Structures are given as structure tokens and as C-alpha cells.
Amino acid sequence: MIWKFARNISHSYVTFATSVAVICLSVGFILMQREDASYLKGQRIAANAEIRQTANELREKLFGMGLVAERLAAFARNNDTYSQEAIDQIGGQLVRHHPEVISVALAPDLVVSHVTPRTGNQKVVGTIYWQVPGQFVGIARAYRDRAPVFVGPINLLQGGRGYILRYPVFKPGKYSDTGNFWGVVSVVLAEKGLLPARAADPHTGELPPRVALREISRDGRPRQHLAGDPSVFASNPVTETISVVGGHWQIAAVPAGGWAAHSPRSPWIVGSAALISILLASAILMIRHYAVKSHETFNVLSHAIESLEEGFLLFDRDNKLLMANKRVAEYYRIAPEKLVPGLPYDEMVRHAIRRQPAETVEGTVVELPGAEVTLNAEMAEMAEAEDGVQQLVDGRWLKTSNAVTPEGYIVGVRFDVSAQKSAQLAAEAATRQQSEFLSTVSHELRTPLTAIAGRAAFLAKAGNLPASKQLMAAIRKDEPDLAEIENLAQAQIESIAGQGQKIINASELLLSLVNDLLDWAKAEGSELKVVPEVVLANDIAVNIVDEMKIQAQAKGLSLICMCAPARVMADPSRLRQVIYNLVGNAIKFTNKGTITVTVRNKGARVIIGVEDTGVGIAQENIDMIFERFKQVDGSDTRSFGGFGLGLTIARRIVELHGGRLTVTSKLGEGSRFEFDLPKASAAASQAATKAAEKAEREARTAAALAEHEADDSSLETART
Amino acid sequence: MELKRILHADDDPDIREIVQMSLDFFGDFELLQFPDGASAFEAFQDFKPQLLLLDYMMPGMTGPELWQNIAKVEGYDRIPAIFLTAKAEASVSEVLMLKGAAAVILKPFTPDTLVKEIQSIWESWNAKR
């Protein structure tokens, strides 16, 4: 289980968890050792208490036994006869207080003479000690040491086993050969009376310690074992030495089950430590596992958000950034390292947004400039999680889409809709331009139409004209004056012819406008075609200059041609159209000075230019002049009529010839339009010459035939 | 009051001629014509026109500008202005009428009815005053 979690965790965390487990186990081990030591100490204290109690009881018991023996010894020394009653009285107290004392006996000359209590001890009386070897050993030692001796356990004369205190009695003046040895006073103690068995602890059920007792010499060497299990002395016992009845006794005690290696609680401590270790290690690994999982989930989410083509933002309730991707940094021009959680939204977009629709009035977007308005609107938008469009300072347009999460956070997506917006703006501009164009077309067509319709209206009602009325009056005179009539008729004819000519002029203008429109429509639809052939560009230029000289002179301008012979590959009618347009424009936009048409050879190209000393074009408007429907002056004060299509068409025609139409101009000083065409190759020129000669021959032949046919026909006529 | 003096400004000589012919043949007016707004403004006070017949789009000073300038001169603040324009957009007519123009006549106009139109506009203009 743990290793399942540990699989996706780094080695350092596994090591950390293991270390924590080991430390926990070590602490448990130390606690266990302390518990063991404490428990052992407790055991020793308990054993000590036990042997102290045992020692006290022994002291008291043996002191009593010794005291009674001493009193009986004193009684024996002081009396020669010994009444049973006196002995019963002295020994009876001891027996009453210590039921384990079996008997107290007097044995003068080592023959038992009196015993108390007598019940159960009768058969002891008369025992001669030196005849009972088992009993005599102790007596001999007491006699030898001239001190009381405690022996046992031995088989008792009255049956059973027990201990005997032999108290030697020396009586002065008697038994001088034995050192005044009178005999012994014996106090017999039941075997089980020396160290009475203790009951188990009623509360804990714990057995009492095992206790053993032995006599030791003054220097501490064991002398005789007295009671208990001798092995207790070999079991690192708790000991106490007491001095009783002239000897030294060592009491030893060990717990009933021996010294414990461990406290009964130690397994629990170790078990608990092990359990805690496992739990801690597991907890660490699990926490780390879920942290890693959580981190991985976060990473997946972050990568997913980073991969988005759109900008992604997440803000808390205080409009502070929680998350954003690099696209947002790019849109709002923020260094990626500054795009960190906690960044306030207003700070983030303050310098990035130029404008955005702040409000709408009946569906019309009102765009408000200025950082404050923009910011407020954006903040309100964020707060209300509305969608909108904002323009960045770099000109790009962002579509903003915001929503509020159930936690109250604001999640926003930013789409770059610059392309769509540009398309929309371009479409709007195109529509506007088209509308302007239609307006221009209408205006320009209406002007010649007014002239045509107006003059036609006068002609239609020619009879009502004052001149007509004068003529009719002159004719209807009683004596008509023919000279007057002729003059009036002549004036009327001239007037009508003048009106007709002006109608023709207006019609031609109208036709040229319509042709311009058609050419432009063809150019727009890529239907404008050119059929290049070898032509003399200088011939075409000279012809146009001749044609337009009158028009130029009417404005007081001189129109000249500086044209070198140049053969070009061009569609003659289209080449003529271009030069005509350029010269026409030059006349239109020049009020004084000269218009010069030039044709010159330059390598494989022929350069054709039209230069004027007219109004010129401002530098900022240079690019505009080739745009469709555009005249530099589009205002109501426009001085010059026309659609503004001429240059658009001219440029297209030049491009179809593989050339380029350019302009250089200075406002107030004049303009120079120039275009280049490919020079006709020698082979092409030769072929063209041959074709021309052939055409000429064919024409001549045809003319001769026609003449011949005409002659024949006249002959036929003559014949008839 | 009878309409006698009309000031006409138009940069197109054809239109000037047709207007002149229309007013001469079909009416009895004193007509003074100018090819641009500036020359018209310079000379109008000597002529003392009763009505302005103005082209909308002219080089230099436009028709509406000329009208505004004349109207600023004392005694001419209520002079009726009729605009002759080839601008067919309704917005142009609406703006001019909102500004107080007497009428807007769209080109091409009919010469023989021009006099009648001008007379009618003149009468209704005076009736309103």
C-alpha cells in the first residue's frame, strides 16, 4: 500500500519517511529500555521491601526466642530445681505469641528435663542429646562457641522438621571440668515458621518474591543454608544481612518469576512505536502522494491552459490574479516573470488597453478613449462577467469573454479578433467607399446630363426662343426684309448648332465617364485585356499632344512633346488611353506653366513621362491617388470633376504590360507621372514591319481591284 | 414683393449658361452670375440680391458657406437660398433644409419649369415670413 504511494514519490521523500519511522522506532526502543529499567527497579524495591519485612519478622521472632532462652538460662543459673509451672510461664508467652514455636525445652546435662508446652512434646522429655547425633552437632557448636546456635532444619524428635535455637547455659561453680557448662535451653521452631509463605497480592495477583535465608560468617562467607530455595542466592538477589542470636544471617529475595528482562508494558511500547512509525511513514508518503498527484493535476491544467491559443485569466474575488497564460502576458505586454498570482487586474491592463466599448446606445457601440474610462468599464465588465471587445495599445482587438465561477472567482478568455475586426472595418470602409463612389458617380453623371437635358429642352421648344420669335416676326412682316431674315436665320442656326455642339461635348464627357466605369469594372474583375504589338510610342504621344493642345491652350498652358523614337510592345489603344489620362489629369490640375510629355529609351525599357507645373500632391496623399474612387480632394470644395478612376485604370493597364506607373510630386510645384514599357525586340519589329508591308500591299491590291470593279461598272452603265 | 434680383453661383459654365437662358427666356429677372463663392461674396452687396441660387459644391467657398457668409451681413439674414446640386443623397438635402435653406433642386433640372419653381419657392418663403 505504502509502496504503491511511494512509486511516484521521489527518493528523498521515501528516505524522509523511512527516517521518521526509524526515529520513531528508536524513541520507542529508548522508552522501552527506560520502562524496563524502571520496572526492574520496581521489582528490586518490592524485593527489598519484602526482605526488610522478612528481616524484621525474623529479628522479632528470634529476639523473642533468644529472650525466652536467655530468661530460661537465667532461671537455670539461678535455681537448682526447676518447676514446670515456672518454665510454662516463661516459655508459654513465646508460644502464645508465636504459634510456629513448637517447644521450649530445658536440658541440664544435655538431657531434656522439661518441655513446654507439654502437649505434643511429652516424648521429648528424657532425650539424651549426645545419643542423638543429628541433634548433638548444634549443641556441641554452642558449647564450643559458648554462644547460642541456631540450626536446622532437622528432623525433630516430636516428628516433622524444624529449627532449634540451642542456648548454652554455664553455671559457675558447677561442672568445672566442662567450664561450668550446665546444659542447653532449646527453642524449637517449625520448619515453615522461619520464613512463613506469603500469599499473592490480592489486588494484582502477583506472587510474592522468592526468599531464601542462610547463615554467613563474619567475613560474609556462607555457613549454612537455613531456608528457601538455595538457588535464590545465585539469581542476583536483593540481600540484607541481620545479626541475630550471636550469628549473621543473610536474607535474599528474587521475584517469583525471576528478574524480568522486560517490563510487561514494553511490548506495548514497542508495538505502539512501530505502529506510530508505520502510520507516520504512511501519512508522509500519502500526503506526498496526494501532493504529487495534486501537483501533477495542476501541471496538466497549467500546460493545457498554456497550450491555448487564447489568453486565459483567473481572478479572485478581489480582482487579483490567480492564474494566467503566456498569451495574456503577450496581449497585455507584461513580462512573464511579472505575471504572478496576486497581481491586481487594474495594474495588469492599465497600460495595455487603448479603448473598448464602454456602453452601447441602441445597439451602437460607443468607443470611449482614455485609460480611466476603459479601466472602469473593463473592471465593471469583469465584475459582471460580461463579454466585450477591447483594443490594445498595439492596435490589436481582443474579444473578452468573462464568467463567474461558483466560488465567486472571475474566469476570463481573450481571443485575438484583430483579423475579424480588420475584415469588419475593411468591409465597413469598403461599403462606405462604395457609397461615396455611388454618390460621386451620381454627381458626375448628373452634371453633363444637366447640360444635355437643359440644352435639349431649349431645342425642343425652339419655337418659343426669342430669336425664333424675332425670325418669325421678320418673316411675317408685310414687306419682309430678306437681309434681316437671313441675318436672323443665320443667328438662329448658329445658336442651334452651338447648343448641339455643346450637347455633343457633354455626351462625349458622359461617354468617357461611362467608359471609365466599364474599364474600372473590367480591371476589378480581371477582365481588362491587352493585346501587345509593336508600336511607336513617340507617334502615339505626339498625336495626343496635337489633339489636346487646344484644350491646354484654352487654360493658357503650353503642352509640348520631347519624344525620341521608341518601339514598344504595347496595346496601342490602351497605351493611348494611359497617356491621354495622364495628360488630361495634368491639364486638369495645372493652372499655369507647361505640361511636358517625354518618351525616351532606357536599356530594354522605354520610359514615358508626363510632367506638369500644377498643384502637386502632398506627400501623405501620394499613395491615395491610385486607390479606386479616390481623389486627393474629396471634400465639397473639390475643384475637379471625374470619378477618380483614371489613375487606377492607368496603373492596371501599365501593370498588364509588365510595367510600373509611379509618381513624384511636390505640393504647389507640380507632378511627374512616369511608366515603363518593354522595348520591342528587333525580330518583333521586323515581323511587325513585314506584317505592315503585307497589309499595305493587300490594301493596295484591294484598292486596285475596287478601282477595277468601279471602271467595269461604269462601262456597264455606259453600255446601257 | 416681386422677385427681381437673383444671384447665381456655379463653377460649371454649362450650368451657368442654362440657368441664364432659363431665367432670360422664361422669366424677367436681373441675374448676376459668379463662377465661385469668393467672387460672389465680394460683389453681392452692390447687386443687392433678393434670392440666392447656389451650387452646392464649388471650389474655394462652397455654396452653403457662401450662404452662411451672406446671411451674416446685416439685412441679409433672412435671404432665401435655393441650392442646385448634383448630390443625390437625401442627407445633403435634409441638412440644408434643417439649416434653413428655402429649397434644394436636384440636377438635372428642367429649364422651362425652373422659373416656375423659383417663383413658387419665393412666394411660399415670403408667405411664411
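Pop out a list of residues from segment B:1-47 that are at least 20 Å² less accessible with all the protein chains around than in their chain alone; 1.4 Å probe, no ligands or nucleic acids counted.
B:12, B:14, B:15, B:17, B:18, B:21, B:25, B:26
Strictly over 29 Å apart at the Cα level, which of A:592/B:72; A:421/A:529; A:469/A:555; A:61/A:123; A:469/B:4 would you flag in this model?
Working: A:592/B:72 35 Å; A:421/A:529 35 Å; A:469/A:555 37 Å; A:61/A:123 26 Å; A:469/B:4 24 Å.
Check vs 29 Å cut-off fails for A:592/B:72; A:421/A:529; A:469/A:555.
Taking the dipole about the Cα centre of segment B:4-128, with the C-beta of Lys and Arg at +1 and of Asp and Glu at -1, give me whichever of B:97, B:69, B:47 is farthest to the positive side.
B:97
For segment A:423-521, what does the alpha-carbon gyration tensor say about shape, rounded, prolate or oblate, given a ≥ b ≥ c as the root eigenvalues, a/c under 1.5 as rounded, and a/b over b/c as prolate?
On the way: a/c = 7.90, a/b = 3.97, b/c = 1.99.
Here segment A:423-521 falls in the prolate category.
Where a Cα-Cα gap under 18 Å defines reach, which lysines qualify for residue A:338, not counting those fewer than 8 residues away within the same chain?
Candidates past the 8-residue exclusion: A:320, A:326.
On a 0 to 90° scale, report how tilted helix A:646-656 is relative to the longest principal axis of chain A, with both axes built from alpha carbons and the result rounded to the nearest 10.
That helix lies at roughly 80 degrees to the long axis.
Run the 1.4 Å probe and let me know the accessible area of residue A:259, rounded to the nearest 10 Å².
About 60 Å², rounded to the nearest 10.
So what is the relative contact order for chain A, in percent, with contacts set as C-alpha pairs under 8 Å and at least six apart? Provide the component values of the computation, followed by the final result.
Details: 1088 pairs, mean separation 56.4, N = 720.
Rounded, it is 8 percent for chain A.
Under 19 Å from the Cα of residue A:522, which lysines turn up, not counting those fewer than eight places away in the same chain?
A:630
Could you give P(r) for segment A:473-550, binned at 5 Å from zero, as whole percent values over all Cα-Cα pairs?
Taking all Cα pairs of segment A:473-550, the binned fractions are 3, 11, 8, 10, 13, 13, 8, 7, 6, 6, 5, 4, 3, 1, 0 percent.
What number, rounded to the nearest 500 deg cm²/dmol, is the helix-based mean residue ellipticity at 222 nm of chain A, given -39500 (n - 2.57) per DSSP H run of at least four residues and division by all its residues? Each step should come with its number before you reach the end.
Details: 16 runs with 350 residues, N = 720.
Helix contribution divided over all residues of chain A: -17000 deg cm²/dmol.
Rounded to the nearest 10 Å², what accessible area does residue A:555 have for a 1.4 Å probe in the complete protein model?
80 Å²
Please report, in cubic angstrom per residue, the volume enclosed by the convex hull of the alpha-carbon atoms of segment B:4-128.
On the way: hull volume 12.2 nm³, N = 125.
Per-residue hull volume (Cα only) is 97 Å³.
Divide, for chain A, the radius of gyration over alpha carbons by 2.2 N^0.38 Å, where N is the residue count. Kindly include the intermediate steps, with their values, before the conclusion.
Values: Rg = 72.9 Å, N = 720, 2.2 N^0.38 = 26.8 Å.
Cα Rg divided by the expected 2.2 N^0.38 Å: 2.72.
Compute the FRET efficiency between residue A:434 and residue A:473 as 1/(1 + (r/R0)^6), taking r as their Cβ-Cβ distance and R0 = 45 Å, and round to the nearest 0.05. Walk me through the numbers before you get to the answer.
Details: r = 55 Å, r/R0 = 1.23.
FRET efficiency, residue A:434 to residue A:473: 0.20.
The values are calculated or read from the model by the stated rules, or taken from the named source; none is laboratory data. Please read all numbers here as calculations on a predicted model, not as lab measurements. Using ideal geometry, Cβ is built from the backbone for each residue, glycine included, and neighbour counts are taken over all protein chains shown. Note: accessible area is taken over every heavy atom of the protein model, side chains too, but ligands, DNA and RNA are not part of it. Shrake-Rupley method; radii C 1.70, N 1.55, O 1.52, S 1.80 Å.
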